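All of the numbers you see were taken from the coordinates with simple rules; none came from a lab. Just so you know, these numbers come straight off a predicted model, no measurement behind them. We place every Cβ from the backbone using ideal geometry, glycine too, and count neighbours over all the protein chains shown.
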Amino acid sequence: MIILPAIDIKDGNCVRLFKGDFSTVEKVADDYLETAKSFEAAGAGWIHMVDLDGAKEGRPVNTKIYKDVAEKTSLKVEVGGGIRNIETIDEYLSMGISRVIIGSAALKDPELVKKAVEKFGSEKIAVGIDSMNEMVAAEGWLEGSDVNYIDLTLKMIECGVRYFIVTDISKDGTLSGVNAAQLKKLYDATEGRCNIIASGGVHTIEDIRVCKDMGLYGTICGKSIYKGTLDLKEAVALGEGEK
């Protein structure tokens, strides 16, 4: 299982939110590149990055930051936030981003997802399934829907998607533990047809163990690293197996 340390960007700063609420923004690091390099030094192979400004505005805002991390570290960069068309996906992949996350557009424009997978390949495209009480949210989590998270995942699998970032918004940034029950329901429903990356609520190494034991493809760690409740090096060692 891969471990993806996370950097969320708002107004050019490394921040975290509490349950996706933009009014709770908290700066957690001074320099995005130094932070990314510290993840690299701890043994991480991937980094999960979110353009919070982009998610809110529906267009890329902090593009240079992600390009910098891709060019100046060995990390594979996964980016989401404000990705609404093929041109943006192409731009990100052309600058060395390894995987692009389609979030709101998956709910509102499934045809875009299908075209993206056909054009760029399933390895390059992930879909973000963000939910509150098992119902999918969109537009930087500012809009709700009546679509169940499992139903959307199954629909996206039919579109050719193989990578999913699954976030329980009520857990995100809370350090209260992953929603294992919700993740297990999705894992069972998809019957091994996709790679699930858990996001939201990771607190300690036990959360990493829970996700690994469940058979998930990956786990995203954000606030737990910044607050010191999770040692990234230890998490990578557990996730990938001792080397």
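Quick notes
- Net +/- balance of residues flanking ALA44 in space, Cβ distance below 11 Å, scoring K and R +1, D and E -1: +1
- Label-reachable residues, the stretch 203-239, where backbone N falls under 17 Å from a point 7 Å from SER176's Cα toward its Cβ: 203-204, 207, 222-224
- Computed over every Cα-Cα pair of the stretch 1-111 and binned at 10 Å starting from 0, the pair-distance distribution P(r) comes out as 15, 48, 33, 5 percent.
- Once C-alpha pairs closer than 8 Å and six or more residues apart are averaged by separation and normalised to the residue number of the stretch 2-240, the relative contact order reads 19 percent.
- On full extension, the segment bounded by ASP231 and THR204 gains 8.9 nm, given 0.36 nm per residue less the C-alpha separation.
- Look at (i) 56, 32, 29; (ii) 52, 41, 31; (iii) 40, 37, 37: the one that is Cα extents along the principal axes in Å derived from this structure is (iii).
- Note on the stretch 78-149: semi-axes of the ellipsoid equivalent to its C-alpha gyration tensor, largest first and rounded to whole Å, are 22, 12, 10.
- Segment ALA29-ASN148, extension gain: residue separation times 0.36 nm, minus the distance between their alpha carbons: 39.4 nm
- Entries in LYS72/LYS115; LYS67/LYS233; LYS72/LYS185; LYS56/LYS155; LYS56/LYS115; LYS124/LYS184 that, when Cα-Cα distance is taken, lie over 27 Å: LYS72/LYS115; LYS72/LYS185
- Net charge of neighbours whose Cβ lies under 11 Å from the Cβ of TYR92, counting Lys and Arg as +1 and Asp and Glu as -1: -2
- Estimated at 0.36 nm per residue, the fully extended path between SER94 and LYS184 surpasses their Cα-Cα distance by 28.9 nm.
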